[in-house]
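Have a look at the structure below before the remarks.
The values are calculated or read from the model by the stated rules, or taken from the named source; none is laboratory data. Not measured: the values here are computed from a predicted model. Neighbour counts are summed over all protein chains in view; Cβ atoms, including those assigned to glycine, are modelled from backbone coordinates with ideal geometry.
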Number of protein chains: 2
Amino acid sequence: MSESRTEISSLGEFGLIEHLTKNIEIKNASTIVSVGDDAAVIDHFGKQTVITNDLLLEGIHFDLMYTPLKHLGYKSVVVNLSDIYAMNAVPTQIILSIGISSRFSVEALEEFYEGVYAACEAYDVDLIGGDTSTSQKGFVISVTALGEVAPDKFVKRSGAQKGDLLCVSGDLGAAFLGLTLLEREKQIFIENPTIQPDLEGEKYVVGRILKPEARKDIVQFFSEKELLPTSMIDVSDGLSSEILHICKQSRVGCVLYEEKIPIGEETKMAAFKFNLDPTACALSGGEDYELLFTIKQDDFDKLGGIDIAIIGYITDAEAGSTIFTKGGGKHPITAQGWNAFK
Amino acid sequence: MSESRTEISSLGEFGLIEHLTKNIEIKNASTIVSVGDDAAVIDHFGKQTVITNDLLLEGIHFDLMYTPLKHLGYKSVVVNLSDIYAMNAVPTQIILSIGISSRFSVEALEEFYEGVYAACEAYDVDLIGGDTSTSQKGFVISVTALGEVAPDKFVKRSGAQKGDLLCVSGDLGAAFLGLTLLEREKQIFIENPTIQPDLEGEKYVVGRILKPEARKDIVQFFSEKELLPTSMIDVSDGLSSEILHICKQSRVGCVLYEEKIPIGEETKMAAFKFNLDPTACALSGGEDYELLFTIKQDDFDKLGGIDIAIIGYITDAEAGSTIFTKGGGKHPITAQGWNAFK
């Protein structure tokens, strides 16, 4: 980290925005007017626009004690892009507004923006506007993401039908274990600041929480294979919660097989260290930013060559939502995902 | 205010969103997918999209001691719509994300949303999505507004040219005096809670700060008269600051006549009570949400029948930005608008 410290007040609001956005290069032809006016302007060339916004609040969604600002900037963008991909759309632009207290230096904000620009670069999106303000307390981040989709090719949560296959990309549960690990190290540090964090061998799970990626490749795969899922959602609150969203909004039930839930080796090892059940971490952990979706059985042959697992199938609503466990048990699926108000 | 208090935790995040959005009626054909999915979907039917986002943070942008929640909801929407009008576009959708502490009840949030929906109704916009979260401290509001404009009919800040007339809608300075008044009453109340606020005769200036309106009618007027301003900005930070934005981004100078700046009688009276110069309030006060714009001299005849004042004209950049005072003085215009980092 740089040794110098420039006070934000030395630049002022407009100076700060100029400073942080001076190197922007526009990548999308749809970006007509970018940063620097009352609003940005976008052209669509006949496509439809997908749009989402998420707030990330210090102390609720992230802890600056163990979250590097560059990673935070990257993640703030990625979690919004994940919502765009979850509609089967391709992200094109973001708008970033932040509220910061005076304890932040210009150099700290530069680190945050480095991460933001790295995500824009990795996902080919343009930063086209936003608002910068002081906050009384805590770092406030608001990201609006826009994406484009061919007319009526977007995929909602509500289209799953009986007989459809329930699929998920990648592997689950790692982000929750990464968070658990960082929280433990934080407690140890608070109690004894001389002890260095022990993250050896935990690179994967820590990386999943601090620097998640959105599944751009899955949406590209759908496009190449001409595979249109019947419903889709991103896994931000835990697999159970997301499955129940799809079932509720599609008015269907489902069967889920525990043995089919994809969980990485590193995740299992981390779970065992904490004496946690890896399946519970996958079902209730959250923040994996994988894609959960349903496809018609006829599209089964189009899968392959990519990390997509079939974890169950869709039933009538009357059958409810059921998980078959490895031990042969049968239980209703319950949402124990992250509830911001508990 | 209702006597009952429902804890937000009794509904949970998803229950809360459902509760607050259950009565939404979609007004715009462009709204394809609204609240309840990973993202919203918009069609454009050949138009371009204008998009903006603003954060409103408790203690920085508003004070709940004297801001009714319904007014706050209304204002949160309106200040964003003002940015859309400032691009010569028509607002169509908003996305609202909020962060709230547990001291808020469901009833309090309902009041806030009543104001949000009242603004949506008044300006014909659809609430199409958002995010609801806890905050550690303070009420956090993020509004993204979208609007539509016929291709290339948007108006930027950067199009003013030498000889153009400098115009402003409505009257200026009132919002700042309303704020000054409310701040005074707050201090009196803190020192002696038995004294009732004295806002008699100040309805106009207090209304301008608590429940501002965006100038929908001005943009409609432009459309009817086929009048395309050469540059435009909304007056959120004070007239001086906005004029300097137009001059800087258009690379021009200007002449402004103090006597032409529109200031209401109620505003003048409130200014005199506080021993403030009404012109200074208009130049540096901010939050008026009027439109400042430039038009070609040839379009002069199209004005009339609406509250638009010509307050000066555009010059070469070399001439700088000058105000001619009522007393015959000549001074450079300096930005003393609201700077969030001072």
Take the conditions more than 14 Å from chain A (Cβ to nearest Cβ), aliphatic (A, V, I, L, M) and over 24 Å from A:Lys137 (Cα atoms) and apply them to B:Ala150. Does it pass?
no
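Hey, can you tell me all the residues within region A:1-47 that are in a loop (DSSP other than H, G, I, E, B) and hydrophobic (A, V, I, L, M, F, W, C)?
Hits for region A:1-47 are A:Met1, A:Leu11, A:Ile24, A:Ile26, A:Ala29, A:Val35, A:Ala39, A:Phe45.
For the subset of region A:322-331 comprising residues that are in a loop (DSSP other than H, G, I, E, B) and in contact with a helix residue (DSSP H, G or I) (Cβ under 8 Å, 6 or more places away or on another chain), which member is surrounded by the most Cβ atoms within 10 Å (Cβ to Cβ)?
A:Thr325
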What pairs come out if I take residues in region B:284-303 that are in a helix (DSSP H, G or I) and pair them with residues that are aliphatic (A, V, I, L, M) whose C-beta lies under 7 Å away, six or more apart or interchain?
B:Gln297/B:Leu165; B:Asp299/B:Leu227; B:Phe300/B:Leu165; B:Lys302/B:Leu227
Test A:Lys137 against the stated conditions and say whether it is within 14 Å of chain B (Cβ to nearest Cβ) and surrounded by fewer than 20 Cβ atoms within 10 Å (Cβ to Cβ).
yes
Some residue of region A:83-98 being in a loop (DSSP other than H, G, I, E, B), within 15 Å of the chain's Cα centre (by Cα) and more than 9 Å from every other protein chain (Cβ to nearest Cβ)
yes
A:Ser4: small (Gly, Ala, Ser), within 30 Å of B:Thr92 (Cβ to Cβ) and more than 7 Å from every other protein chain (Cβ to nearest Cβ), yes or no?
no
If B:Asp37 satisfies all but one of (1) in contact with a Ser or Thr (Cβ under 7 Å, 6 or more places away or on another chain); (2) closer than 18 Å to A:Gly147 by Cβ; (3) among the charged types (D, E, K, R), what's the number of the condition it fails?
(1)
Hits in region B:326-340 - residues which are farther than 30 Å from A:Leu11 by Cα and either in contact (Cβ under 8 Å) with a residue 24 or more places away in the chain or touching a Leu at 6+ places or on another chain (Cβ under 7 Å) (or both):
B:Lys326
Can we say B:Arg157 is touching a strand residue (DSSP E or B) at 6+ places or on another chain (Cβ under 7 Å), within 14 Å of chain A (Cβ to nearest Cβ) and not β-branched (Val, Ile, Thr)?
yes
Using beta carbons and a limit of 7 Å, which pairs, at least six apart or on different chains, have the first residue in region A:252-270 and aromatic (Phe, Trp, Tyr) and the second one outside any helix (DSSP H, G or I)?
A:Tyr257/A:Ile311; A:Tyr257/A:Gly312; A:Tyr257/A:Phe324
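Just checking, which of B:Leu244, B:Leu239 is in contact with a helix residue (DSSP H, G or I) (Cβ under 7 Å, 6 or more places away or on another chain), farther than 24 Å from B:Thr67 by Cα and in contact (Cβ under 8 Å) with a residue 40 or more places away in the chain?
B:Leu239
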Conditions (1) within 14 Å of chain A (Cβ to nearest Cβ); (2) closer than 25 Å to B:Gly285 by Cα; (3) of a type in the set (Lys, Arg) -> B:Arg184 fails only (1)
With the requirement that a residue be over 30 Å from B:Lys302 (Cβ atoms), hydroxyl-bearing (Ser, Thr, Tyr) and either buried (at least 19 other Cβ atoms within 10 Å of the Cβ) or touching a residue at least 40 places away in the same chain (Cβ under 8 Å) (or both), what does region B:167-212 give you?
B:Thr180
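Per-residue answers, yes or no, for (1) outside the structural domain of B:Leu256 (by TED's automatic domain parsing); (2) over 30 Å from A:Asp63 (Cβ atoms); (3) touching a His at 6+ places or on another chain (Cβ under 9 Å); (4) not β-branched (Val, Ile, Thr):
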residue: B:Ser102; (1), (2), (3), (4): yes, no, no, yes
residue: B:Val106; (1), (2), (3), (4): yes, no, yes, no
residue: B:Glu111; (1), (2), (3), (4): yes, yes, no, yes
residue: B:Val116; (1), (2), (3), (4): yes, yes, no, no
residue: B:Gly173; (1), (2), (3), (4): no, yes, no, yes
residue: B:Phe176; (1), (2), (3), (4): no, yes, no, yes
residue: B:Thr180; (1), (2), (3), (4): no, yes, no, no
residue: B:Arg184; (1), (2), (3), (4): no, yes, no, yes
Within region B:48-83, count every residue that is buried (at least 22 other Cβ atoms within 10 Å of the Cβ) and at positive phi.
0
Every residue in region A:37-81 that is within 8 Å of chain B (Cβ to nearest Cβ) and at pLDDT 90 or above, please.
A:Thr49, A:Val50, A:Ile51, A:Thr52, A:Asn53, A:Asp54, A:Leu55, A:Leu57, A:Glu58, A:Gly59, A:Ile60, A:His61
Take the conditions more than 21 Å from B:Asn53 (Cβ to Cβ) and within 14 Å of another protein chain (Cβ to nearest Cβ) and apply them to B:Phe176. Does it pass?
no
Every residue from region B:103-133 that is within 8 Å of chain A (Cβ to nearest Cβ) and touching a residue at least 40 places away in the same chain (Cβ under 8 Å):
B:Ile128, B:Gly129, B:Gly130, B:Thr132, B:Ser133
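A quick yes/no check of all residues on (1) among the acidic types (Asp, Glu); (2) outside the structural domain of A:Val78 (by TED's automatic domain parsing); (3) under 30 Å from B:Phe104 (Cβ atoms); (4) exposed (fewer than 15 other Cβ atoms within 10 Å of the Cβ):
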residue: A:Asp234; (1), (2), (3), (4): yes, yes, yes, no
residue: A:Ile261; (1), (2), (3), (4): no, yes, no, no
residue: A:Glu266; (1), (2), (3), (4): yes, yes, no, no
residue: A:Pro278; (1), (2), (3), (4): no, yes, no, no
residue: A:Leu291; (1), (2), (3), (4): no, yes, no, no
residue: A:Phe300; (1), (2), (3), (4): no, yes, no, yes
residue: A:Ala309; (1), (2), (3), (4): no, yes, no, no
residue: A:Gly320; (1), (2), (3), (4): no, yes, no, yes
Answer yes if at least one residue in region A:48-65 is assigned to a loop (DSSP other than H, G, I, E, B), of a type in the set (Asp, Glu) and farther than 17 Å from B:Val50 by Cβ, and no otherwise.
yes
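Looking for something of a type in the set (Gly, Ala, Ser) and assigned to a strand (DSSP E or B) - is there at least one such residue anywhere in region A:113-131?
yes
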Give the residue that is nearest to A:Arg157 (Cα to Cα), with candidates limited to residues of region B:7-36 that are within 12 Å of chain A (Cβ to nearest Cβ) and surrounded by fewer than 13 Cβ atoms within 10 Å (Cβ to Cβ).
B:Ser10
Residues in region B:216-250 that are in a helix (DSSP H, G or I), within 12 Å of chain A (Cβ to nearest Cβ) and of a type outside the set (Val, Ile, Thr): how many?
7
